[in-house]
Amino acid sequence: MAVATMGPMILLATLNARYLHAAFGLRYLLANMGELRGQTRMLEFDINQRPLDIAEKIAAHTPRILGLGVYIWNATETLELVSLLRRILPETKIVLGGPEVSYETAEQEIVALADYVITGEADLAFAQLCRRILAGEAPAEKIVEAGYVDVAALTLPYDLYTPDDIAHRIVYVEASRGCPYTCEFCLSSLDIPVRAFPLEKFLAAMQSLLDRGVRHFKFVDRTFNLNAPVSRAIMGFFLDRHTPGMFLHFEMVPDRLPDALKDLIRRFPPGALQFEVGIQTFDGTVGGLISRRQNFDKIAENLRFLREESGVHVHADLIFGLPGETLGSFAEGFNRLVAMNPQEIQLGMLKRLRGTPIIRHDAEWSMVYAAHPPYEVLSTRLIDFSTMQRVRRVAKYWDLVANSGNFPAITRMIWSRNGKPFESFLDFSDWLFARLGRTDSIALNTLAAKCFEYLTREAGFSEDETGAAMATDFIVSGRASALPDFLRPYLPERTAAPSSSHHHTPKRQARHVKA
């Protein structure tokens, strides 16, 4: 009884990237604690909070067991936190889990500080370990290998989303786990068996979330459209229940879109669906090196369908720095993707995630990565560090200018300078960095002024043409009230109010819909 007055015997915690992101993994652990669920509490923090303050909140509960989720985005901060807790709570058993500590454990300082590390899917293994510890039968081995779980045996965690979560956070859901592909840069390449949750049970949980007011669903399935009948059943479920403001995010295999799925997609209103389409490279040789096989003609056909025959918001991914890639070959692929007209292109830098087989290319391609999270590539045999930095800045500025939806017309003007979008934007990026010296904390008005200066002084556009285009961008993106003073002379005589037909769509996507 004394322990109960001190707080929960078991505490689950993690540091999210932002408050907006809910800890999906912790909710699975808590849902599957069985008879220990009543003695377990979950705390969520984010990486902007000081580890010392987080340690204070955890220490206030004096848990006998503390489970911490460790990911690439919180590994550095969690290491500091565990170091503090080891001193503050010497009697607490610290158990780590998550992808960042599931591989290459021997060389990690955070693993050395912990009492136990569960590798693999810890949904059931964490509760089992807690039972042993509380029974005085703690295992002697630090590393607990969990492997894969039978997803049909799991208690689903969706009842653990609180009203505050539903009102203010992203609600994550999953209909399957695993990936059939073997892309060497991705941790999912190690998770080969694709396991689908029982459909009836899953849809019942989705209905419960709908009944509680959830309207935005982010599916974390790596390949949502892999099993077409299941994909159709889930999309049909949401289509039948669609109401204004419903928004669904799916990760899709880009070259797999059967006609039956297309028929459903066509029926969703604009802005209701977002597809994250991982293309990563258009270079067949590079794709072969990293065990990624794609049908580029099918990708082009499917993206054309999505942009011309549906209201889907397309978020397409490319990776820079893959072994065998050159600046020129990447530029060619980027320009090819631009021509397919997705609303967003996410330009990511290659990361050397722990456990992934991408390391087999290190010697041949002189791959050099940062030693600390997020382990981004620094140089390769074909791309030196200086070039890597230039493209890193392109990725940042592209997100601010093009992906944000704030400057659709201005983006097209920038990339039209020489008819090659990537090369044009690289020139703009070099120019902008030379003047600002940073890629973040840039006010919208400052960015607008620099875009205006670049287009009128460097790219040869007239002030009238540039000013009119930028003023229109502010209007159609719903930011007319934030129009900088220097653009007011260029406002059209009559400006229509921004459309409100997509006011329930997430802001960033809504700006693309309006544009």
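Here are a few things to note about the model shown:
- For region 1-52, a tally of residues being open to solvent by less than 40 Å² (accessible area, probe 1.4 Å), part of a helix (DSSP H, G or I) and modelled with pLDDT under 95 returns 0.
- None of Arg215, Arg241, Arg169, Arg232 is more than 26 Å from Ala125 (Cβ to Cβ), touching a His at 6+ places or on another chain (Cβ under 8 Å), among the basic types (Lys, Arg) and open to solvent by 40 Å² or more (accessible area, probe 1.4 Å) except Arg215.
- Sub-9 Å Cβ pairs linking a first residue in region 236-253 that is free of Cβ contacts under 8 Å to residues at least 60 places away in the same chain to a second residue that is of a type in the set (D, E, K, R) and not in a loop (DSSP other than H, G, I, E, B), at least 6 apart or interchain, are Leu248/Lys218; His249/Lys218; His249/Glu276; Phe250/Lys218; Phe250/Glu276; Glu251/Glu276; Met252/Glu276, ordered by first then second residue.
- Test: residue in region 339-351 that is free of Cβ contacts under 8 Å to residues at least 24 places away in the same chain and more than 17 Å from Gly324 (Cβ to Cβ): yes
- Only one of Val82, Val70, Val95 that is under 15 Å from Ala127 (Cβ atoms), open to solvent by less than 10 Å² (accessible area, probe 1.4 Å) and out of contact with any Lys or Arg (no Cβ under 8 Å at 6 or more places or on another chain): Val95
- Strands (runs of 3 or more DSSP E) within region 247-348 that include 3 or more residues in contact with a Gly (Cβ under 8 Å, 6 or more places away or on another chain) and open to solvent by less than 10 Å² (accessible area, probe 1.4 Å): 313-320
- Of all the listed residues (Glu423, Glu463, Glu458), the sole one being open to solvent by 50 Å² or more (accessible area, probe 1.4 Å), at pLDDT 95 or above and under 27 Å from the mean Cα position of the chain (by Cα) is Glu423.
- The sole residue among Gly437, Gly405 that is modelled with pLDDT under 95 and not hydrophobic (A, V, I, L, M, F, W, C) is Gly405.
- All positions within region 231-277 that are within 23 Å of the chain's Cα centre (by Cα) and of a type in the set (Gly, Ala, Ser): Ser231, Gly245, Gly271, Ala272
- Scope region 349-367; condition under 19 Å from the mean Cα position of the chain (by Cα) and not in a strand (DSSP E or B); matching residues: Leu350, Arg352, Leu353, Arg354, Thr356
- Segments classed as strands (runs of 3 or more DSSP E), wholly inside region 118-226, with at least 3 members that are within 20 Å of the chain's Cα centre (by Cα) and modelled with pLDDT of 95 or more: 171-173, 216-219
- Within region 422-435, residues that are more than 15 Å from Phe461 (Cβ to Cβ) reach partners that are modelled with pLDDT of 95 or more and open to solvent by 60 Å² or more (accessible area, probe 1.4 Å) with beta carbons closer than 8 Å, at six or more positions or on different chains, in the pairs Leu426/Arg390; Ser429/Arg390; Asp430/Arg390.
- When His372 is tested against (1) of a type outside the set (A, V, I, L, M, F, W, C); (2) crowded, with 17+ Cβ neighbours inside 10 Å; (3) more than 30 Å from Leu239 (Cβ to Cβ), only condition (2) is not met.
- Criterion (hydrophobic (A, V, I, L, M, F, W, C), over 21 Å from Thr162 (Cβ atoms) and assigned to a strand (DSSP E or B)) met by exactly one of Leu84, Leu66: Leu66
The values are calculated or read from the model by the stated rules, or taken from the named source; none is laboratory data. None of these values were measured; they are calculated from a predicted model. All Cβ positions, glycine included, derive from the backbone under ideal geometry; neighbour counts span all protein chains shown. What goes into the accessible areas is simple: the full protein's heavy atoms, side chains included, and nothing from ligands, DNA or RNA. Shrake-Rupley method; radii C 1.70, N 1.55, O 1.52, S 1.80 Å.
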